[in-house]
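Accompanying notes for the structure given below.
Any read-out appearing in this document is the output of simple, stated calculations on the displayed coordinates, not a laboratory observation. Note that the structure is a prediction, hence the values are computed from the model and not measured. Because the Cβ atoms are built from the backbone with ideal geometry, glycine has one as well, and the counts that use them run over all protein chains shown.
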C-alpha cells in the first residue's frame, strides 16, 4: 500500500490559499487576485484512460499556444482515443496526442481551433527562495468552468531528481524545483508552476518518493528543460507518418526476423508489449525481454500501437542496425539490434 501522506485540504481544494504576509509579498502591480485570474484560464483539466484498479483517469495540463497546444505529463491517462479537455470557460473539447518524450515525462496535446489563452514560452530560471504558485486539478475536484486549485509555495532548491515511482526508478534524471508545498497529489501532474509575474517556470510532475529517505517529493520540472522537446514535437518530429505516406523497402525488417512476438493485437491501439522473445534471435542477443514496452524506433517516432511498430519496421531494410527504446517497469532501456 502507498504510505499515508499528510493531506491538508487547505492545500488541496481551495481555489486560493492566503496566509498572513502572502499578499504583501507580491508587488503592488500584481496583487494576488489579479495574478490568479490571469493564469487560471491557461490551466486545463484532462480526462482519459484509467478509472480502474485505483488508477485516476484525470490529470492537469498547460496551454502554451493560441493554437491550442497543451503541455502535460506523459502517463497512462493519455493512452486513449477519447481524450477530453475541460477549459476554464466550461468548454469540453477533444484533444489529440501530438507526441511525447518519456525520458522527460512530458507530452504535447493539440486542441481544435485557435485563440486560446496561453503562457508565453520562455526560459525562466528561479533561484531557491523564489515565491511561486502551483495551479492544478489535484484530486479531480474541478470540472468544466470550476477553477483549478491554487497553492502558494517557495522554491527550496533546484537539484537533480533522484526518486522512484512505486518500486521503480523514474526515467527523468534532470534538475527539478523542490517545493515547500504539497503539490504532487493525484491529478496534479501536468499542472503549472508560475512565478510572481505570472510566468510559466515549471510543470508539476508525477507522485514520487525519494529513494534515500522514502519520503514523498514535491517538485516541478523546470520549463527550460522542456522547451527544446516541445519545439521538436510541434515541428512533427514525434508524429508517426500516415500509412499512405510511409514508404516500404523491398526487404524490410519484420518482427519475425527480430524474434519478437507482441501481445495479441485486439484493440484499435494495442500497446506494443513484448509477449515472447525467440531464443537465439537478434532481439534475444540484444537483451529484449518479455513485458518490455517498445516506445521508440531509432529515436524518431513514439510507437503507440502494435500496428504502428510494424509500419515503422517496414521502412527499415534488412541488414541495418536498429535502436529500440523500451520501458522495463518504469526504467527506460536503449537496446541495439543487429538485423540479418
note = If the chain between residue 340 and residue 249 were fully extended at 0.36 nm per residue, the gain over the current Cα-Cα distance would be 31.2 nm
Proxy reagent accessibility, fewest Cβ within 10 Å first, across 83, 135 = 83, 135
note = Stretched fully, the stretch from residue 199 through residue 276 gains (0.36 nm per residue minus C-alpha distance, one decimal, in nm) 22.9 nm
request  = Provide 86, 197, 40 in ascending order of the number of other Cβ atoms located within 10 Å of each residue's Cβ, fewest first.
outcome  = 197, 40, 86
task = For residue 256 paired with residue 76, estimate the spin-label separation in nm (one decimal), with each label point 7 Å from Cα along the Cα-to-Cβ line.
result = 3.4 nm
message = Need the full-extension length gain, residue 269 to residue 227, defined as separation in residues times 0.36 nm minus the C-alpha distance. One decimal, nm.
response = 12.3 nm
task = Going by C-beta contacts inside 10 Å, put 215, 254 in order with the fewest on the left.
result = 215, 254
